[in-house]
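Have a look at the structure below before the remarks.
The values are calculated or read from the model by the stated rules, or taken from the named source; none is laboratory data. The shown structure was predicted, so the numbers you read here are calculated from the model rather than taken from an experiment. Glycine gets a Cβ as well: all are built from the backbone with ideal geometry, and neighbour counts include every protein chain shown. Protein only, heavy atoms only, side chains kept; ligands, DNA and RNA dropped before computing areas. Shrake-Rupley method; radii C 1.70, N 1.55, O 1.52, S 1.80 Å.
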Amino acid sequence: MNIDTPIIEIQNLSRRYGKLDAVNNLSLHVRAGKCYGFFGRNGAGKTTTIKCLLNLLRPDSGTARVFGLDPQKNEVAVKSRLAYVPDMVAFYPWMTVRDTLEYLASFRKHWNEDIEADLIKRFQLDPKQKTSHLSKGQRTQLALIGAICPEPELLVLDEPTSGLDPIVRREFIETVIGAYQSGDPGRRTVFVSTHLISEFEGLIDEFTIIEQGRELLTMEADAARDRFRKIRARFAQPPAQLDLSGALNVKQSGREVEILTNGNSEQLLEKLKTRSPEELRCESLSLEEIFVASDILKKVQA
Amino acid sequence: MSVFFMLLQIDFKSGKPVYLQLVDQIRYAAASGGLRTGEPLPSIRPLAEELRVNRNTVAKAYAELESQGVIETVPGKGCFLKESHSPFTKSVRQKILTKEIDEAVVAAHHLQVDRDAFLALVKERLDSFERKVKDNSDND
């Protein structure tokens, strides 16, 4: 594989369920060693896209490539180099934690037993416990151990932390950063779909927001936080005829104005300063706020 | 875990790239004595886990600090604050102070403390500080 080959490359991917366009002409690519966020509301097409990457679904049109390979034609080659944690994890109920890990390891060429022992201890899992007796949090932890021990080049996480308590969520993310990422950073790529964005904020290098199967915005996280800002201004009197052209969105209530900016916050701040506000504040939007403002962001695309 | 961890705060709302926030805060800690010459910096993995940021972000910050001559990597031992780390330039020091002064200026505005009263207060506090420093050195 050429070093520049994207780990994931999706080109004009479409998948319909009956009349519904679940994924509609989606393109994105994920470079090696990056953590890529895939954000969208429930039903936006995230899981359908991931299933096309794993050959659990076939695209109607367009292509999905993983490590430069076609997951339909090279299913084993692709799957042996990645691990996948879905939002609903299922194990054979009669197996214990130990049985399950041995079963998962039997499919892998490589299995890091030190990491396995560390994580079992960290998560305080009982190896003799039957999987049918595990809580949802423990099942996810077991799935994460199963995904990290083979030290795959690509970790695909589909809503991994939804429905978990805050402590388990925190441990989950720390484990992805610590146990997974630090092995061989250039060859540790994460593709995570989530709507619990704030928890993954520090991990995300680049992201795509999808809505109704279509790409809404793709950006690097630092660049996005630099570009989208929120200005709050309060005036002594309700301001008349403020010229805020170029703002993404303006909300005014009495003496206060809230403005969303798109790369032009300096310019708008200068304009506001000429009106002598009592208070003027500017902060970046977090990735979660950018996601929530998706409706407004459509204007950016238009 | 060293106390140094607790000094670092990532603010996603500042609009500044996360690795640069780390660079600035570590330089600030070095300039203000929060981190002393020869003291080890936390290694990348625990710091990344603690801050819940990408491991690459911490690595990038450390690489930047190394290229600026603030820290050095001792193979097998980790990263340390360099003995002759370059202190902040005058313009950077002034920039840090400007931020603090701006906050006081805004507070004065809201409390309706006028310009002359504000300047008089600044002078009074400076005199008081200098007296304290002098007293301490006399007692040594």
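Highlighted here are the helices (runs of 4 or more DSSP H) found entirely within region B:1-66 that include at least 2 residues which are charged (D, E, K, R) and within 12 Å of another protein chain (Cβ to nearest Cβ): B:44-51. Of the candidates A:ILE173, A:ILE177, the single residue that is assigned to a helix (DSSP H, G or I), open to solvent by less than 20 Å² (accessible area, probe 1.4 Å), closer than 24 Å to B:LEU20 by Cα and modelled with pLDDT of 90 or more is A:ILE173. If you filter region A:183-201 down to residues that are among the hydrophobic types (A, V, I, L, M, F, W, C) and outside any strand (DSSP E or B), you find that the one that is farthest from the other protein chains (Cβ to nearest Cβ) is A:LEU196. Figure legend. Inter-residue proximity from region A:218-230: first residues farther than 17 Å from A:GLU266 by Cα, second residues β-branched (Val, Ile, Thr) and assigned to a strand (DSSP E or B), beta-carbon distance below 7 Å, spacing 6+ or different chains. Indicated pairs: A:THR218/A:THR208.
Of the residues making up region A:202-229, those that are in a strand (DSSP E or B) and of a type in the set (Lys, Arg) are A:ARG214, A:ARG229. B:ALA30 meets all of the listed conditions (1) in contact (Cβ under 8 Å) with a residue 60 or more places away in the chain; (2) touching a strand residue (DSSP E or B) at 6+ places or on another chain (Cβ under 6 Å) but one, namely (1).
Matching residues to (1) closer than 20 Å to A:PRO160 by Cβ; (2) among the hydroxyl-bearing types (Ser, Thr, Tyr); (3) in contact (Cβ under 8 Å) with a residue 24 or more places away in the chain:
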| site | (1), (2), (3) |
| --- | --- |
| A:PRO93 | no, no, yes |
| A:LYS130 | no, no, yes |
| A:HIS133 | no, no, no |
| A:GLN138 | yes, no, no |
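Here B:GLU72 fulfils each of the conditions (1) in a helix (DSSP H, G or I); (2) touching a Lys or Arg at 6+ places or on another chain (Cβ under 6 Å) apart from (1).
Of all residues being closer than 17 Å to A:PRO152 by Cα and polar (S, T, N, Q) in region A:97-123, which is least open to solvent (accessible area, probe 1.4 Å)? Just the residue, please. Per the stated criteria, the residue is A:ASN112. Against the numbered list (1) in a loop (DSSP other than H, G, I, E, B); (2) more than 11 Å from chain B (Cβ to nearest Cβ); (3) open to solvent by 10 Å² or more (accessible area, probe 1.4 Å); (4) at negative phi, A:GLU151 comes up short only at (4). Do we have any residue at all in region A:70-78 that's outside any helix (DSSP H, G or I), surrounded by 13 or more Cβ atoms within 10 Å (Cβ to Cβ) and of a type in the set (Lys, Arg)? No - not one qualifying residue is present in region A:70-78. In region B:89-120, the qualifying residues are those that are open to solvent by 90 Å² or more (accessible area, probe 1.4 Å) and among the hydrophobic types (A, V, I, L, M, F, W, C), and the one that is farthest from B:GLY69 (Cα to Cα) is B:LEU111. The single condition among (1) modelled with pLDDT of 95 or more; (2) open to solvent by less than 40 Å² (accessible area, probe 1.4 Å); (3) more than 25 Å from A:ILE209 (Cβ to Cβ) that A:VAL89 does not meet is (1).
Residue under question is A:ASP295, and the condition is that it be without any contact (Cβ under 8 Å) to a residue 12 or more places away in the chain, open to solvent by 80 Å² or more (accessible area, probe 1.4 Å) and either on the phi < 0 side of the Ramachandran plot or assigned to a loop (DSSP other than H, G, I, E, B) (or both); does it hold? For A:ASP295, the condition - without any contact (Cβ under 8 Å) to a residue 12 or more places away in the chain, open to solvent by 80 Å² or more (accessible area, probe 1.4 Å) and either on the phi < 0 side of the Ramachandran plot or assigned to a loop (DSSP other than H, G, I, E, B) (or both) - is met. Of the listed requirements (1) part of a helix (DSSP H, G or I); (2) away from chain B (no Cβ under 11 Å), A:ASP126 misses just one: (1). For region B:45-60, the count of residues that are of a type outside the set (A, V, I, L, M, F, W, C) and at pLDDT below 85 is zero. Restricting A:LEU142, A:LEU164, A:LEU104 to those that are on the phi < 0 side of the Ramachandran plot, in contact with a Leu (Cβ under 8 Å, 6 or more places away or on another chain) and either part of a helix (DSSP H, G or I) or not polar (S, T, N, Q) (or both) reduces the list to A:LEU142.
A quick yes/no check of all residues on (1) within 13 Å of chain B (Cβ to nearest Cβ); (2) free of Cβ contacts under 8 Å to residues at least 60 places away in the same chain; (3) assigned to a helix (DSSP H, G or I):
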{"residue": "A:PRO238", "(1), (2), (3)": "no, yes, no"}
{"residue": "A:LEU244", "(1), (2), (3)": "no, yes, no"}
{"residue": "A:LEU272", "(1), (2), (3)": "no, yes, yes"}
{"residue": "A:LEU280", "(1), (2), (3)": "yes, yes, no"}
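Selection of region A:201-230 for residues being among the hydrophobic types (A, V, I, L, M, F, W, C) and in contact with a Gly (Cβ under 6 Å, 6 or more places away or on another chain) yields A:ILE204, A:PHE207, A:ILE210.
Identify the residue in region A:220-236 that is touching an Asp or Glu at 6+ places or on another chain (Cβ under 7 Å), facing chain B (nearest Cβ under 9 Å) and among the basic types (Lys, Arg) and, among all such residues, is nearest to A:CYS35 (Cα to Cα). The qualifying residue nearest to A:CYS35 (Cα to Cα) is A:ARG229.
Could you please find all residues in region A:184-217 being in contact with a Phe, Trp or Tyr (Cβ under 7 Å, 6 or more places away or on another chain) and open to solvent by 40 Å² or more (accessible area, probe 1.4 Å)? The answer is A:HIS195, and nothing else.
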